[in-house]
Amino acid sequence: MEHAAALQGRTVTDFVLTSLQDAARRAIEEHQQFELSVRDSQAFVDALLHPKPVNDRLRDTVRRYRGATGV
């Protein structure tokens, strides 16, 4: 670490803190993003463009969710 910090003209503390900040930012970005395969992307877009009609099972699920959460 000392050698790497010296190559960048930083203190070891600055080098470590910067490295940790970069790693934390990448971890957050990776958690907030996800990638779909081409097939999954096509299925997702198709579902948005051609939604299936609401059925009794979905209505019941929404009703139970609202009852449980008060929403």
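Here is the list for the chain: GluC sites (Glu not before Pro) lying in DSSP coil, each with at most 10 other C-beta atoms within 10 angstrom of its C-beta, are GLU35.
Structure remark: mean-square fluctuation, Gaussian network model of the chain, C-alpha springs under 10 Å; the largest value among ASP60, ASP22, ASP40 belongs to ASP60. For the chain, a Gaussian network of Cα nodes joined below 10 Å ranks ASP46, ASP14, ASP56 by mean-square fluctuation, and the top entry is ASP56. Classify the chain as rounded, prolate or oblate from the Cα gyration tensor: take a ≥ b ≥ c as the square roots of its eigenvalues, call it rounded if a/c is under 1.5, otherwise prolate when a/b beats b/c and oblate if not. It is oblate, given that a/c is not under 1.5 and a/b is not larger than b/c.
A Cβ-based charge dipole, computed about the Cα centre of the chain with Lys and Arg at +1 and Asp and Glu at -1, lands at about 600 debye.
FYI, it's all coordinate maths here, none of it is from the lab. A quick note: this is a predicted structure, and the numbers were derived from the prediction, not measured. Cβ atoms come from the backbone with ideal geometry, glycine included; neighbour counts cover every protein chain shown.
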